[in-house]
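Reading through the structure tokens given below for one structure.
The values are calculated or read from the model by the stated rules, or taken from the named source; none is laboratory data. Just so it is clear, the model here is predicted, and its values are computed rather than measured. Here the Cβ positions follow ideal geometry from the backbone for every residue, glycine too, while neighbour counts run over all protein chains shown.
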Amino acid sequence: MSDAPLTHEPDWQEKYASLVATADEAVARVRPGQRVFVGTGCATPLQLIAALTKRATELPDTEIVHLLTYGNAPYAERAMSEYFRVNSFFIAENVRDIIREGLGNYTPMFLSEIPRLFRSGELPLDVALIQVTPPDADGLCSLGVSVDIVKSAAENAGLVIAQVNPNMPRTTGDAAIHVFDLDALVPCDDPLVEVPVAEPDETTRRIGEHVASLVEDESTLELGIGKIPHAVLHSLKGKRNLGIHTEMVTDDIIEMVDSGVITGACKRLDRHKIVASFALGTRKLFDFIDGHPAFAFYPTEYVNDPGIIAQQSRMVAVNVALEIDLTGQVCADSLGSQFFSGVGGQVDFNRGAARSEGGKAIIALPSTAKKGAVSRIVTRLSPGAGVVTTRADVHYVVTEYGVAYLHGKSVQERALALISIAHPDFRAGLLREAIDARYLAAELGEKERKIVVAPRELRTTYLLDDGTQVYLRPIHPTDEPNLRQLFYALSQQTIYYRFMSRIKRIPRKQIQDFVYIDHRNEVAMVATIPAPHGDEFVAIGRYYLDAQTNRAEVAFVVRDDWQNRGIGTFLLRHLMSMARRNGIRGFTAEVLRDNVAMQRVFNKAPGTVQSRLNGDVFSYEIEFA
């Protein structure tokens, strides 16, 4: 259809008088034992639902099928279970209790595959209750804020009853349905259901910042439902030319469009379009998208198709979880054996983003639940918990304590990465449990107090003369393989200069002592460059505090092929800045007499520098300015 906004026919009720009916008259055509689909989200047709529920005693064995609905759901009350049976693809609050009591059903399905159920006849629909705009001069109505699986339901149901509401925004894309494909038109002037934005707390704000750090300019985004996606959007305000291809948009989108952060200019498909399948928000959002040419609403068989999603470049999918185990299995639809929400589009978008060129699949969750009483990162999922996203599908996991990258990692690496972003109160227990489960070697038990992730603000970047960007970040417990690779990439001379010994290998325990640090008395920073497999180390610097003197011994090494480019000087100055912030008085260092390059770095250090030669070793003392 055309991208031009629809304008409705003012005399549509007279023009299509043979189709116009009251809600009671329309639902009188529903028969006992039929399967009735109810429209989604803010377009939930509440008048039709109320009229249907009034006929409860006449409609035994009626199945109510829907995705995510809002507003009153009187058919889901316990007293109605004798007549109506709920079957939901995604569990909202208004039907959660009846499903938990076993008086309703939950059908787990990838959102992209639900329309095929309707089309194939595997789940045939007898009736569809939906809500649309009034028809335009060509007889086209818009499904407005809920296209998702509603379009497929309307196309495949034997009887389609539409609540026709001028308050419904007119959206373009593939949102139109012809008036003659509707069997009954029920005029309605009620306000749409509104879903206010859930304001983020400090935890979700920090999660949002971590997620935003993974989002590059010109990326295309999918954001799920809840406080975390809201926090992510707020943290993206400095980005440029972002695109949107997502199941759902909320009020948050308005500011991002108006400020020019979201332009869609770099999308490979639907360029300059904000593609969604439904909207959850307030009247402010409905007014904003009404006829807005940048918004294009499509059914889920398009929006959630992993093949379509993968065609976007730098596709970033952000979805939430309820629990994740140390191997990477994600539970997102249940609390133990109690069903809570649904599979939704998490797997669709996770797989699509993972296959996108430069894409990122992100699972985000707070580190704890029940006001900090339980960890959401667990050794084993709760009894009865279902796996929505498998361990092989997981790439990035984000909590308020940082980012863990799991893709292509061993179980030991996954466990360490996830423990390090768990809440500090649970890290030691998770480490012990991981050792008991044989995910980790027993020797790691002594590191239980050093599973620490340093603050994000310690990160920085350094631009080399040739334009290469070098990233500086604190060392992480999962950096053991990277550190080992760095050591074996060093020449024998560099090894001798750094360790003052001609060693051929570093014992594993020594490497572990390098990566398991408290980031207070012991600090280690690594200089990295991006590589296909993740960070590639080009340098490492560290200091150890002597509490008696309040001075720290500092040492660092730069890979041979990156020496004489200013990295060592920058690394030293950054370590000095960190030490000053920690109240440390100065540095000490030992440098071999033959290591002239390192002597130059220390001699140029800011502050008061003193050195003395003892045999073949210069002993440096640097007093901070």
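Observations, loosely collected:
- Residue list for the range 17-63, restricted to those being under 25 Å from PRO134 (Cα atoms), part of a loop (DSSP other than H, G, I, E, B) and of a type outside the set (Ser, Thr, Tyr): ALA17, LEU19, ALA21, ALA28, ARG29, VAL30, GLY39, CYS42, ALA43, PRO45
- Some residue of the range 344-357 being in the same structural domain as ASP393 (by TED's automatic domain parsing), more than 19 Å from ILE114 (Cα to Cα) and in contact with a Ser or Thr (Cβ under 6 Å, 6 or more places away or on another chain): yes
- The sole residue among ARG85, ARG96 that is part of a helix (DSSP H, G or I), surrounded by 14 or more Cβ atoms within 10 Å (Cβ to Cβ) and in the same structural domain as CYS141 (by TED's automatic domain parsing) is ARG96.
- Residue match in the range 352-372 (condition: under 27 Å from ASN105 (Cβ atoms), crowded, with 22+ Cβ neighbours inside 10 Å and not acidic (Asp, Glu)): yes
Table: residues versus (1) closer than 17 Å to ALA524 by Cβ; (2) of a type in the set (Asp, Glu); (3) modelled with pLDDT under 95.
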position	(1), (2), (3)
ASN564	no, no, yes
MET578	yes, no, yes
ASN582	yes, no, yes
PHE587	yes, no, no
ALA597	no, no, yes
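- Only listed residue being hydroxyl-bearing (Ser, Thr, Tyr) and within 22 Å of GLN412 (Cβ to Cβ), chosen from THR549, THR528: THR528
- In the set GLY260, GLY328, only one residue is assigned to a loop (DSSP other than H, G, I, E, B), free of Cβ contacts under 8 Å to residues at least 40 places away in the same chain and more than 19 Å from ARG170 (Cα to Cα); that residue is GLY260.
- Scanning the range 360-393 for residues that are touching a helix residue (DSSP H, G or I) at 6+ places or on another chain (Cβ under 8 Å), among the β-branched types (Val, Ile, Thr) and assigned to a loop (DSSP other than H, G, I, E, B) turns up THR379, VAL388.
- The residue list ARG427, ARG484, ARG505 contains one member that is outside any strand (DSSP E or B), more than 33 Å from the chain's Cα centre (by Cα) and farther than 28 Å from ARG580 by Cα, which is ARG505.
- Being among the β-branched types (Val, Ile, Thr), under 13 Å from VAL127 (Cα atoms) and touching a residue at least 12 places away in the same chain (Cβ under 8 Å) is a condition met by at least one residue of the range 155-168.
- The criterion of at least 2 residues that are farther than 26 Å from PHE89 by Cβ is met, among strands (runs of 3 or more DSSP E) falling completely within the range 135-237, by 184-187.
- In the range 580-612, the qualifying residues are those that are β-branched (Val, Ile, Thr) and over 21 Å from GLY566 (Cβ atoms), and the one that is surrounded by the fewest Cβ atoms within 10 Å (Cβ to Cβ) is THR608.
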